[in-house]
Amino acid sequence: MSQLLKRWNELAEVKEELANRDWFFGTSGNLSIKVSNEPLHFLVSSSGKDKRKKTNEDFLLVDKNGKQVESTSLKPSAETLLHQQVYNKTNAGCSLHIHTVDNNVISELYGDAGEIVFKSQEIIKAFGIWEEDAEIKIPIIYNFADIPSLANEFSHYVKEDTGAVLIRNHGITVWGKTAFDAKKHLEAWEFLFSYHLKLLSVKNVLRTQAEISI
Ligand SMILES: CSC[C@@H](O)[C@@H](O)C(=O)COP(=O)(O)O
Ligand SMILES: [Zn+2]
C-alpha cells in the first residue's frame, strides 16, 4: 500500500471516530496528516464538507505552502494555514481541529486570562506527564477572522511536536507525533473541559441549595 493511501486510511479512521463522538457540528472542524517530509506534503480535509460523511473527496494533498499537489476542484480547509504552521515548525505527524460546546465555553470563561490550568487529574497522564499533582495548561488565543493573523497568533504556541491551542469561541487545535497521539490528547483535553464545566455547575447548585437552606 502506498504511503499516501496508508495515511489517507489513518486519517479517515480518526475522522470517523471524531464523527461518532459528534464533534463536527455544522461542517466545523478540520484534520490533517503528514505524508512525506521531503518534499513536505500533507493530506488536509476539504473545506466546507460535512465531516460526518465518508467520501473519496474528504481529503486532498497539499504542500508546505498549502497548495494542492495535484489539480483538483477540491478546496483545502479554510484553516490549512494553521496545519501548515504545525508541519513547518515541528516534527508532528497529525493535527486535529474541532469545535465543541465545552471547548467554546471554557475558552470564553478563561479567554481574558489567556490560558486555563488543570491539575491533579489522572487523565493528565494521557499527555505523558506522570508526576503526582501534575499541572497542564492550554493557551487561549483571540479568534481573528483573518486567517493569516490567526495562524500568526497560533504559531507563537507551536514549539513542540505535540501541543494544543484553544481559539476563543471557536475551537481547539491539537497536534501530535502520530494520529494516535493527536487523538489521545484531543480526547484528554475534551475530558478536562467537560469535567471542569460539570464541576462548576454542580458546585453552583450546591451553593444555591446551601443559601436557600439558611
Ligand atoms: C462552519 S465552521 C467555521 C469554519 O470557518 C472553520 O472554523 C472550520 O472549522 C471548518 O472549516 P473548513 O474550511 O471546512 O475546514
Ligand atoms: Zn474551526
Selection from segment 146-183 of residues surrounded by fewer than 16 Cβ atoms within 10 Å (Cβ to Cβ), within 12 Å of ligand 2 (Cβ to nearest atom) and outside any helix (DSSP H, G or I) yields Asn169
Cβ-Cβ under 7 Å, sequence separation 6+ or interchain: first residue in segment 21-47 and without any contact (Cβ under 8 Å) to a residue 60 or more places away in the chain and among the aliphatic types (A, V, I, L, M), partner within 14 Å of ligand 1 (Cβ to nearest atom) and assigned to a loop (DSSP other than H, G, I, E, B). Which pairs? Val44/Ser77
Which of the numbered conditions does Ile141 fail, given that it passes all the others? Conditions: (1) touching a residue at least 60 places away in the same chain (Cβ under 8 Å); (2) hydrophobic (A, V, I, L, M, F, W, C); (3) within 16 Å of ligand 1 (Cβ to nearest atom). (1)
Which numbered condition in (1) in contact (Cβ under 8 Å) with a residue 40 or more places away in the chain; (2) in contact with a Phe, Trp or Tyr (Cβ under 9 Å, 6 or more places away or on another chain) is the only one that Leu4 fails? (2)
Could you run through segment 169-213 and say how many residues are among the basic types (Lys, Arg) and modelled with pLDDT of 95 or more? 4
Restricting to segment 91-108, count the residues that are surrounded by fewer than 22 Cβ atoms within 10 Å (Cβ to Cβ) and out of contact with any Gly (no Cβ under 8 Å at 6 or more places or on another chain). 5
If you take the residues in segment 84-102 that are of a type in the set (Ser, Thr, Tyr) and within 12 Å of ligand 1 (Cβ to nearest atom), which one is farthest from Ser46 (Cα to Cα)? Thr100
Taking the condition of being polar (S, T, N, Q), free of Cβ contacts under 8 Å to residues at least 60 places away in the same chain and over 15 Å from Val101 (Cβ atoms), how many residues in segment 163-214 meet it? 4
Residues of segment 51-75 classified as near ligand 1 (Cβ under 10 Å from one of its atoms) and over 17 Å from the mean Cα position of the chain (by Cα), total: 1
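The values are calculated or read from the model by the stated rules, or taken from the named source; none is laboratory data. Note that the structure is predicted; figures quoted are calculated from it, not measured. Positions of Cβ are backbone-derived with ideal geometry, glycine not excepted, and every protein chain shown enters the neighbour counts.
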